[in-house]
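Colleague: Quick one: structure below, then a few questions.
Laboratory data are not the source of any read-out in this text; all were calculated from the coordinates shown. Bear in mind that the values here come from a model prediction, so they are computed numbers and not experimental data. In this analysis, Cβ positions are derived from the backbone assuming ideal geometry, glycine residues included, and neighbour counts consider all displayed protein chains.
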Amino acid sequence: MFIRRLTTRAFRNLAAATVEFHPSVNVILGANAQGKTSLAEAVYLLAALRSFRTSQLRELIRHGEAIAGVSAEADDGGVIQNFAVELERGPSVTRICRYQGHETPPARYAGKLRAVAFHPGDLGLVAGLPEARRRFLDRLIFSVSPAYLAEYQAFQHSLRQRNSFLRQGAPDMELLDVYDEQFVRLGAVVMERREKMIAELNEAVDRHYASVAGDGEKPGVRYEPGVSSGLAREGSAADWLRAALERGRPRDLERGFTGDGPHCDDLDLQLDQKPLRKFGSQGQRRTAVVALKVSELEIIARSPGPRPLLLLDDVASELDLRRNRALFEALSVHPAQVFLTTTELSHLPLGPATEFREFAMEQGAITQARDRRGTESP
Ligand SMILES: Nc1ncnc2c1ncn2[C@@H]1O[C@H](COP(=O)(O)OP(=O)(O)O)[C@@H](O)[C@H]1O
Ligand SMILES: [Mg+2]
């Protein structure tokens, strides 16, 4: 699947225009603050219904405008597919999705176009907050198994319910038993999904880390379940979670929130069995993120569904030549349509045989588009 043409309207600083993309590699070139990331973001919005750089959709609507829109014509093996997303300003932003011209609920729209984005903010993933790693993991699971969205939301709902129940003075213990059992059932589903995905990631990262790092240190991706106080796991995730809730109940009642469960999970990236978060050098952490992102693309690409688009926003300038080459090499295995933004063409290690379309971006407008070959000499 690739995007043939994309139209934006009142999207950040982008001039209303239609862009004809190359089926394979697209390079968006320009100085800072011209709108390169915005164009990549518009592509990503169509697939993911969100941005890769902000959780605030209102930021995407041009200042002073009420409605922003992005639409595209995609080609799926010769079959034309039409996608459109509109964002309307209000107390909260309303998203309207259209597939083949028909308004489609986001849950049904999701998955018809898929994209993986890699941007400089991702480079902090290893050492940043657990929440960002849980989000990375959950989004990957959604992309591969759309049914997970409803499961995840059901768990979140039961967490909120239990927490507000804990905060009531002297809650009914029998009713708390009922909430606990629901929390255990829904929480175990989330834990099992994550456990399974982490095993897949571990296997993929193991293969990709060495090619990026160029040495023999052994990486690992480990699941750190949010079951505190060192309670040993026996039996199923549900049994374990049930035991943790039982043991933690007095503490939870005192604090007014649930201290054990998937909402406290983490994903631990290791090198030679030591957490990179604590002991890794900046270079090792970056290598691990590159390996994670390549693994993400690989896992999504091999799952059923349309072939994901790949967006690399200004990543090349953040990485050294070796990591860049390894990244581009690993990615070139997947025949995805690629969108690259950069301030300097020379940052991109595109081999001499690589055909790409170069777009010059100036003040929100594309001033030139031309087809070229290679940024690196042989
Ligand atoms: N909602 C918006 N309305 C109008 N302009 C915006 C909006 N959001 C961002 N901008 C402006 O768009 C410009 C382009 O931003 P960006 O796409 O991040 O540029 P680049 O990636 O080329 O550095 C910036 O000058 C920014 O201030
Ligand atoms: Mg940018």
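Colleague: Longest exposed-loop-site-free stretch of the chain, with GluC sites (Glu not before Pro), DSSP loop and at most 15 other Cβ within 10 Å?
Modeller: On the way: sites that count: 65, 217, 234, 344, 376.
In short, 66-216.
Colleague: Be a star and scan the range 194-215 for residues whose amide nitrogen sits under 14 Å from the point 7 Å along the Cα-to-Cβ vector of residue 320.
Modeller: Answer for the range 194-215: 212-215.
Colleague: Please determine, in degrees from 0 to 90 and to the nearest 10, the orientation of helix 282-302 with respect to the longest principal axis defined by the Cα atoms of the chain, where the helix direction is its Cα long axis.
Modeller: 90
Colleague: Taking 0.36 nm per residue of separation and subtracting the Cα-Cα distance, what length does fully extending residue 16 through residue 203 add?
Modeller: 62.9 nm is the gain from fully extending residue 16 to residue 203.
Colleague: Separate question: Mind putting a number on the dipole of the range 307-378 about its Cα centre? Charges go on the C-beta only, +1 for Lys and Arg and -1 for Asp and Glu, and I need it in Debye to the nearest 20. Each step should come with its number before you reach the end.
Modeller: Working: 8 positive and 11 negative charges, 55 e Å.
Dipole magnitude for the range 307-378 comes out near 260 debye.
Colleague: Mind pulling the angle between the C-alpha long axis of helix 130-144 and the longest principal axis of the chain? Nearest 10 degrees, somewhere in 0 to 90.
Modeller: Tilt relative to the chain: about 70 degrees.
Colleague: I need the calculated FRET efficiency for the pair residue 7 and residue 55, taking r as the beta carbon distance and R₀ as 22 Å, to the nearest 0.05. Before the final figure, lay out the partial values.
Modeller: Working: r = 25 Å, r/R0 = 1.13.
It comes out at approximately 0.30.
Colleague: While we're looking at this one, here's another question. Between residue 145 and residue 66, what is the label-point separation in nm under the 7 Å Cα-to-beta-carbon projection?
Modeller: In this crude label model, residue 66 to residue 145 measures out at 4.3 nm.
Colleague: A follow-up question, please. Subtracting the Cα-Cα distance from 0.36 nm times the residue separation, let me have the gained length for residue 255 to residue 157 in nm, one decimal.
Modeller: 33.4 nm
Colleague: Using the Cα centre as the reference, give the magnitude of the dipole from point charges on the C-beta atoms of the chain (Lys, Arg: +1; Asp, Glu: -1; all else neutral), rounded to the nearest 20 debye.
Modeller: Working: 50 positive and 50 negative charges, 103 e Å.
The dipole of the chain has a size of about 500 debye.
Colleague: Now for a separate question. Relative to the present Cα-Cα distance, how much length would full extension add between residue 215 and residue 344 at 0.36 nm per residue of separation? Walk me through the intermediate numbers first.
Modeller: Values: separation 129, 0.36 × 129 = 46.44 nm, distance 2.90 nm.
Fully extending the segment from residue 215 to residue 344 adds 43.5 nm.
Colleague: When the Cα atoms of the range 119-184 are enclosed in a convex hull and the volume is divided per residue, what value in Å³ results?
Modeller: Numbers: hull volume 7.3 nm³, N = 66.
Dividing the Cα hull volume of the range 119-184 by its residues yields 110 Å³.
Colleague: Which loop chymotrypsin sites (Phe, Trp or Tyr not before Pro) in the range 63-167, with loop taken from DSSP, have no more than 11 other Cβ atoms within 10 angstrom of their Cβ? List each step's numbers first, then the result.
Modeller: Working: sites: 83, 99, 109, 118, 136, 142, 148, 152, 155, 165; in loops: none.
Nothing satisfies the criteria.
Colleague: Okay, next question. Restricting to the chain, compute how many DSSP beta bridges are antiparallel as a %, nearest 5.
Modeller: Antiparallel bridges: around 75 percent, rounded to the nearest 5.
Colleague: Moving to a separate point now. Per the helix-only calculation at 222 nm, which mean residue ellipticity applies to the chain, given -39500 (n - 2.57) for every DSSP H run of n ≥ 4 and division by its residues, nearest 500 deg cm²/dmol? Each step should come with its number before you reach the end.
Modeller: Details: 9 runs with 148 residues, N = 378.
Value at 222 nm, helices only: -13000 deg cm²/dmol.
Colleague: Hey, rough spin-label estimate for residue 303 and residue 178, points 7 angstrom out along Cα→Cβ, what's it come to in nanometres?
Modeller: So the label points at residue 303 and residue 178 sit 3.5 nm apart.
Colleague: Measure nothing fancy, just the Cα-based angle from helix 321-332's long axis to the longest principal axis of the chain, in degrees from 0 to 90, nearest 10.
Modeller: Tilt relative to the chain: about 90 degrees.
Colleague: I would also like to ask the following. Compute the semi-axes of the equivalent ellipsoid of the range 127-303, taking the square root of 5 times each eigenvalue of the Cα gyration tensor, and list them largest first in whole Å. If you can, show how the numbers build up before the last one.
Modeller: Details: eigenvalues 227, 59, 33 Å².
Those come to 34, 17, 13 Å.
Colleague: Still on this structure, I have one more. Could you tell me how many cubic angstrom of Cα convex hull volume the chain has per residue?
Modeller: Numbers: hull volume 57.2 nm³, N = 378.
That works out to 151 Å³ per residue.
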